[in-house]
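Engineer: Here it is, the structure, as structure tokens.
Any read-out appearing in this document is the output of simple, stated calculations on the displayed coordinates, not a laboratory observation. In this text the structure is predicted, and so the values were computed from the model without any measurement.
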Amino acid sequence: MKQVHIDKIKKMVTDVGIRTTLKLLGGNKDIIRKVYTDNPISYLDNLKHKPYVYKAANRILFKVRGDRCYNFAWFDLGRDYIIINNHTTEYKFYKSIMGLDIRQTCDLIKDWLDKHYDGFVEIKKLKPIPDSI
């Protein structure tokens, strides 16, 4: 796939979202998977609405405000794990389109949070788990 096509599909995903892009591509997940195979974390890098850090009592939340408001991930102070919300479009992107397993998905999201929010909170030492466990 040529770089111009990769850039065009990434722009579509950023501008109209993954669901609409899938509809426009006739539901073909393989095209989107190919676009993000070399750099899957770039999907999170191009989110329209980035999470912000919110402190509530003994909990640190990564909240997203946009078309809808939701908790992206969170952890309790003094605990050794970060909980990744497995009901988000971002999580489902890595599971259903990229074909990553639970561990790979949680690790990738945790690494992205660590990359962008390490100055606010210590994430590196936390073990990522999905919120259903």
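Engineer: Helix 102-117 against the longest principal axis of the chain: what's the angle in degrees, Cα atoms only, rounded to the nearest 10?
Structural biologist: 70 degrees
Engineer: With the alpha-carbon atoms as the only input, what is the per residue convex hull volume for the stretch 49-130 in Å³?
Structural biologist: In the stretch 49-130, the Cα hull volume divided by residue count equals 86 Å³.
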